[in-house]
Amino acid sequence: MNIIEHFSGAESFFSICEQLHGKRVGIWGHLHPDGDCIGVQIAMCDILTRCGAIPLMGLVENKVAANLKWIVRNYEFVRPEEMVVDEYIFVDCGVILRAGDFAKKLPKPLMSIDHHVSGEKFAQHNFFYPESAATCEIIADFIEQKQWKVKEAIATALYVGIVTDTGKFSYSSTTARTLALASKLALQGADPHRIFVEIYQNEPREKFALLQRFLASLKFYVDGTICVGRVTEQDFIETGTMTDDTEGLVNFPRTIKGVRVAAIAYDREGKTRISLRSDDPTLRLDLFAAKFLGGGHFCAVAFTINDSYEKFEPNFISALRAHLDAFSW
Ligand SMILES: [Mn+2]
């Protein structure tokens, strides 16, 4: 029995890729690229090369998180604004604004491949599957349908996207298809343990100084159902960390018994960035984030406000409380 329920659209996806023969194609993702974004860029680079196109991977600000550097080592990334391309596509980027300011002036991209529930169909061809746990899962499935074998490096890149976007195969988005595709990638050379060590056992010591402060700041609201931790500009300076080092911190309060929504609020470039996590997709955090022009998935969202968190806090907690009341059974 085939346990994979495939994503539709693989045929038209490959026919578009084949039409790109001989063309320079930019492959762009979102700001602050995560494992899924980088993984799918690398996989798309391989697919387009196989189709005879000339792919160019774009990296806004030319920056990759420290625990993902090993995976990009053998690839060339360019700033999108410095590229000369005939066509371009977006991956793992729900809305074009997530790609940064440069993307505002662009004509409609040829293709978008994405899985954010709050995503928009902003491209000419949209391969949009909000039921997918990762954009890498979509591409891994397309490759599977095409019955292509991939090199170890590509299997690894796709596995990285899936393992990181599913919280090591633990979020509610993880399905039998996710696991089956991960297994196929392992058969093609992705090494689950090595990938785990590279991504999750490579934390700089400074990040633990930041974690200590974050944990000390935790505040509970509404009978302990909401838990928020705070990281200030001063915390970043005194611990020698940057905003990227907040990655994953919110998962600590998420594990506390009774907490339905965990959040982190941190200072970023004079603004406040708030990320929320839940384990209950019916709480529809994506709809909550949309009120503040943010987005993401049912259980994982983020938004930015132009105020200090201290000023925003009372409004934030009362709005979140009202949202939870409206979406709780
Ligand atoms: Mn993703």
Relative contact order %, the chain, counting alpha carbon pairs below 8 Å whose residues are six or more apart: 13
Area projected by the alpha carbon convex hull of the stretch 228-279, averaged over all directions, nm²: 3.5
Highest-MSF residue in the chain out of 280, 307, 223 [GNM, Cα springs under 10 Å]: 223
More than 15 Å apart - percent of Cα-Cα pairs taken over the stretch 256-329: 52
Span per principal axis, largest first, for the Cα atoms of the stretch 192-279 (Å): 39, 35, 20
Signed unit charges on C-beta, dipole axis of the chain, positive-most listed residue 246, 52, 16: 246
The stretch 142-197: Rg to Rh, with Rh as the Kirkwood radius over Cα pairs: 0.95
Segment residue 106-residue 84, extension gain: residue separation times 0.36 nm, minus the distance between their alpha carbons: 6.6 nm
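Label the stretch 175-329 by shape, choosing from rounded, prolate and oblate, from the square roots a ≥ b ≥ c of the eigenvalues of the Cα gyration tensor; if a/c is under 1.5 it is rounded, and otherwise prolate applies when a/b is larger than b/c, oblate when it is not.
Note, shape of the stretch 175-329 comes out oblate.
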Fully extended contour minus Cα-Cα distance, from residue 215 to residue 325, at 0.36 nm per residue: 37.0 nm
Semi-axis lengths (Å, descending) of the ellipsoid that matches the C-alpha gyration tensor of the stretch 113-167: 21, 14, 8
Leading residue at positive end of dipole, the stretch 10-200 (Cβ point charges), from 129, 118, 164: 164
Using alpha carbons only: equivalent-ellipsoid semi-axes of the stretch 1-103, gyration tensor based, whole Å: 22, 18, 14
Estimated FRET transfer efficiency (residue 54, residue 183; beta-carbon r; R0 41 Å; 0.05): 0.80
GNM flexibility winner over the chain from 30, 115, 193 (Cα, springs under 10 Å): 193
Kirkwood hydrodynamic radius of the chain, Cα pairs, Å: 20.5
Whether the stretch 197-240 is rounded, prolate or oblate, judged on the alpha carbon gyration tensor where a/c under 1.5 counts as rounded: oblate
Scattering profile of the stretch 93-238 at q = 0.13 Å⁻¹ [log10 I(q)/I(0), Debye over alpha-carbon scatterers]: -0.83
Partnerless cysteines, meaning none of the other Cys C-beta atoms lie under 4.7 Å away, in the chain: 37, 45, 93, 136, 227, 299
Longest to shortest principal axis, alpha-carbon extents of the stretch 10-200, angstrom: 41, 34, 32
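Each value in this text was obtained by applying a stated rule to the coordinates, not by laboratory testing. Because the structure is a prediction, the values reported are computed rather than measured. Cβ: placed from backbone, ideal geometry, glycine included. Neighbour counts: every protein chain shown.
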